[in-house]
Amino acid sequence: MHHPPDLLTTERLSMRRWRVADAAPLEPVLRANVGRLEAWIPRDVAAPAPAAELEARLARYAADFDAGRTWTYALYTPDEGELLGGAGLYPRDAGGRVPFSAADRLEIGYWLRADATGRGYATEAAGALLAAALALPRVTRVEIRCDPRNAPSAAVPRRLGFHLADTLTETDPEHDGASRQTQVWAYE
């Protein structure tokens, strides 16, 4: 089974697969940022929870990483002294997320705590994930999906050479079934 490395490093980031021990630094970050994050990312990622629940969530992330369902990373400073956010690669096909064995593309996702935004960390992390994705067999398309109202997030794919491939209007079950637009940025 091919999968991206457990650890990716950039000039300013240590990006490693989540560990159960990351629950302790993750809990205060989610608690402090939940209102901002829930507007843009799935609740099952953004929602704060007691330590035991976060440990179970992170154990699922590890199992998904090993099984090739998703590859999610904790974003830390290089010395791993400060948790800045999270990012991941998500296998997809035209219909949605699938196991890597059935995927024809990968999606990059990312989030940062509020006081880490505006410093280029999301672009740096997404660039590292793009390189990791393109090193995998069969990957010829990488996508970043974001809400067009989230201008800082939409700037990331532009900086990395993605093109706007589509804007979808979908029903969002996480937000009372409201209609919501999603930009699909592609790198091919």
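Structure notes:
- Filtered residue count, segment 46-67, keeping only those that are modelled with pLDDT under 95 and of a type in the set (Lys, Arg): 0
- Condition check for Arg92: open to solvent by 10 Å² or more (accessible area, probe 1.4 Å) and in contact with a Phe, Trp or Tyr (Cβ under 7 Å, 6 or more places away or on another chain): no
- Filter result (closer than 20 Å to Arg113 by Cα, hydrophobic (A, V, I, L, M, F, W, C) and outside any loop (DSSP other than H, G, I, E, B)) within segment 46-70: Ala46, Ala51, Leu54, Leu58
- Residue in segment 96-110 that is open to solvent by less than 60 Å² (accessible area, probe 1.4 Å), under 16 Å from Leu30 (Cβ atoms) and not β-branched (Val, Ile, Thr) present: yes
- Among residues of segment 134-160 that are under 17 Å from Glu188 (Cα atoms), those with a Cβ under 6 angstrom from a residue that is of a type in the set (D, E, K, R) and surrounded by fewer than 13 Cβ atoms within 10 Å (Cβ to Cβ), sequence gap 6+ or separate chain, pair up as Arg141/Glu188.
- Count of segment 8-26 residues which are within 11 Å of Leu129 (Cα to Cα) and either free of Cβ contacts under 8 Å to residues at least 12 places away in the same chain or open to solvent by 50 Å² or more (accessible area, probe 1.4 Å) (or both): 1
- When Ala74 is tested against (1) touching a strand residue (DSSP E or B) at 6+ places or on another chain (Cβ under 9 Å); (2) hydrophobic (A, V, I, L, M, F, W, C); (3) in a helix (DSSP H, G or I), exactly one condition is not met: (3).
- Of the residues making up segment 120-161, those that are among the acidic types (Asp, Glu) and either over 15 Å from the mean Cα position of the chain (by Cα) or modelled with pLDDT of 95 or more (or both) are Glu124, Glu143.
- Of all residue pairs spaced 6 or more apart or on separate chains, those with beta-carbon atoms under 6 Å, a first member in segment 86-107 that is of a type in the set (Phe, Trp, Tyr) and a second member that is modelled with pLDDT of 90 or more and open to solvent by 10 Å² or more (accessible area, probe 1.4 Å) are Tyr90/Thr70; Tyr90/Arg97; Tyr90/Glu107.
- Residue, surrounded by the most Cβ atoms within 10 Å (Cβ to Cβ), within segment 133-187, restricted to residues that are acidic (Asp, Glu) and part of a loop (DSSP other than H, G, I, E, B): Asp147
- Filtered by the rule that a residue be of a type in the set (A, V, I, L, M, F, W, C) and outside any strand (DSSP E or B), segment 77-123 gives Ala94, Val98, Phe100, Ala102, Ala103, Ala114, Ala116, Ala122.
- Odd one out for Asp93, checked against (1) modelled with pLDDT of 95 or more; (2) acidic (Asp, Glu); (3) under 27 Å from Arg141 (Cα atoms): (1)
- Considering residues of segment 33-87 that are basic (Lys, Arg) and over 23 Å from Val156 (Cβ atoms) only, the residue least open to solvent (accessible area, probe 1.4 Å): Arg57
- Scanning segment 1-45 for residues that are more than 20 Å from Arg69 (Cβ to Cβ), at pLDDT 95 or above, of a type in the set (Asp, Glu) and in a helix (DSSP H, G or I) turns up just one, Glu27.
The values are calculated or read from the model by the stated rules, or taken from the named source; none is laboratory data. Note that the structure is predicted; figures quoted are calculated from it, not measured. Virtual Cβ from ideal backbone geometry, glycine too; neighbours counted across all protein chains shown. For accessibility, only protein heavy atoms count, side chains too; no ligands or nucleic acids. Shrake-Rupley method; radii C 1.70, N 1.55, O 1.52, S 1.80 Å.
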